[in-house]
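Participant: One structure coming up, written as structure tokens, with questions to follow.
The values are calculated or read from the model by the stated rules, or taken from the named source; none is laboratory data. This structure is a prediction, so every number in the text was calculated from the model and none was measured. Positions of Cβ are generated from backbone atoms using ideal geometry, with glycine treated the same way; all protein chains shown enter the neighbour counts.
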């Protein structure tokens, strides 16, 4: 007999990557407990609106109390057995709930269609997922801001086209990562603020069943959706729908997740390249093995995993987009199977990505000596403009000196690339009488902090004016840490 789970596929998203908190949001318990909360909200709404039958209230307090008494103890065995018979998940759970609530059995799901519980639950679950993603995203920004502030004045080579360019600072580079995550935060907050419930609109969105239940009373019917939304913690419902809420909503949600994934992927790529240069390194545990063959290796496996999962999320966003585009009229069911996969897995994967980001950023190691060594190997080239200006101040001709510096730079570059020698540009310039600069004078210009521009000041201003106000407004959710499975 196999151990539990060893004889069947188990998603690595739940086994290795996603947190328990995110897994619960997309769990069966969360789903079916939310169904029951929705049935209670519907029954309460119908009772409060005075639904009558044969001159008597159709729904009583006793029925609602019975429903509430069993809202969390899902009798899965009864529902599964019933579904084998009727082949309908919603009606199976209506039946199972009714078995526990015999007095209320006749009013469960009254006037509703399957999408009342299915779609409203999807909106609720996605909203809860977005809130958790937002929480973790803010914590990633918080950790990065600490890192940026710590290294705001640490000079480092910048790269354009991955070629050495005018220096920046380690902290300034981190602000580029933060800014992308801040853009993602704006997007996720917008989407959360615009999430609405489907409400209860019937089989094609016309609320025809409620016209029958409430004897055509338009005023009472108009109050159904707002009352349900309030009971479920939402401001409103979508004003019109077919049988389902527009699948464009899923597309907006998935695009937000894909945006976060893209930002994380970019950061992880930079870290991987920096680790190759031995300038910055992700956390590496004492007993961690980097390679089965090469014992000395310290692979950036967390950053690689960020890239790997992020790529999945970005591609996954195509699923709801295509589903949204191919819905027919008031509804088709070709969305269902795809939705069951693409939406939960997008959330679980982003959750794993953000946990990895938290873990990596919290433990990033910077090697200033290596950074300085690389800087000093390239700095003579980058200081040429300043050197030329110093020589001009001593009476040199700018055009002639520019050509000389260009020629000497090419000679020094040849020595480095073809002969494997150190960069001797300063020595070549000092030997040229037209510059009238000694080697000691030239070396005085080799202070990296002279070439970082306003990097330090930009970091300080960005953190003070853009990042810290957001962190201060969210102090209550800071302090999240992440345990990962390496």
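Participant: Having 2 or more residues that are within 25 Å of the chain's Cα centre (by Cα) and farther than 30 Å from residue 397 by Cα is the bar; report the helices (runs of 4 or more DSSP H) wholly within region 420-486 that clear it.
Facilitator: 455-462, 468-473
Participant: Can you confirm whether residue 58 is over 16 Å from residue 121 (Cβ atoms) and in contact with a strand residue (DSSP E or B) (Cβ under 7 Å, 6 or more places away or on another chain)?
Facilitator: yes
Participant: What number goes with the only condition from (1) over 36 Å from the mean Cα position of the chain (by Cα); (2) surrounded by fewer than 16 Cβ atoms within 10 Å (Cβ to Cβ); (3) in contact (Cβ under 8 Å) with a residue 12 or more places away in the chain that residue 72 does not pass?
Facilitator: Tallying (1) over 36 Å from the mean Cα position of the chain (by Cα); (2) surrounded by fewer than 16 Cβ atoms within 10 Å (Cβ to Cβ); (3) in contact (Cβ under 8 Å) with a residue 12 or more places away in the chain, residue 72 fails exactly one: (1).
Conditions tested, residue by residue: (1) free of Cβ contacts under 8 Å to residues at least 12 places away in the same chain; (2) crowded, with 19+ Cβ neighbours inside 10 Å; (3) part of a helix (DSSP H, G or I); (4) within 35 Å of the chain's Cα centre (by Cα).
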position: 92; (1), (2), (3), (4): no, yes, yes, no
position: 129; (1), (2), (3), (4): no, yes, yes, yes
position: 140; (1), (2), (3), (4): no, yes, yes, yes
position: 147; (1), (2), (3), (4): no, yes, yes, yes
position: 152; (1), (2), (3), (4): no, yes, no, yes
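Let's see how each residue does on (1) touching a residue at least 60 places away in the same chain (Cβ under 8 Å); (2) surrounded by fewer than 17 Cβ atoms within 10 Å (Cβ to Cβ); (3) closer than 16 Å to residue 40 by Cβ:
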position: 60; (1), (2), (3): no, yes, yes
position: 82; (1), (2), (3): no, no, no
position: 97; (1), (2), (3): yes, no, yes
position: 101; (1), (2), (3): no, no, yes
position: 109; (1), (2), (3): yes, no, yes
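Participant: Does residue 158 satisfy being part of a strand (DSSP E or B), modelled with pLDDT under 95 and in the same structural domain as residue 263 (by TED's automatic domain parsing)?
Facilitator: no
Participant: Additional query: Check residue 239 against each of (1) out of contact with any strand residue (DSSP E or B) (no Cβ under 7 Å at 6 or more places or on another chain); (2) within 17 Å of residue 330 (Cβ to Cβ); (3) surrounded by 20 or more Cβ atoms within 10 Å (Cβ to Cβ); (4) outside the structural domain of residue 119 (by TED's automatic domain parsing) and name the one condition it does not meet.
Facilitator: (3)
Participant: Only one residue in 452, 477 is at negative phi and either assigned by TED's automatic domain parsing to the domain that holds residue 173 or in contact with a helix residue (DSSP H, G or I) (Cβ under 7 Å, 6 or more places away or on another chain) (or both), so which one is that?
Facilitator: Among 452, 477, only 477 is at negative phi and either assigned by TED's automatic domain parsing to the domain that holds residue 173 or in contact with a helix residue (DSSP H, G or I) (Cβ under 7 Å, 6 or more places away or on another chain) (or both).
Participant: Report yes if some residue within region 35-50 is at positive phi and either in contact (Cβ under 8 Å) with a residue 12 or more places away in the chain or in a helix (DSSP H, G or I) (or both); otherwise report no.
Facilitator: Yes, because at least one residue in region 35-50 is at positive phi and either in contact (Cβ under 8 Å) with a residue 12 or more places away in the chain or in a helix (DSSP H, G or I) (or both).
Participant: Kindly indicate whether residue 376 is part of a helix (DSSP H, G or I), over 34 Å from the mean Cα position of the chain (by Cα) and either at pLDDT 90 or above or under 15 Å from residue 446 (Cβ atoms) (or both).
Facilitator: Yes, satisfied.
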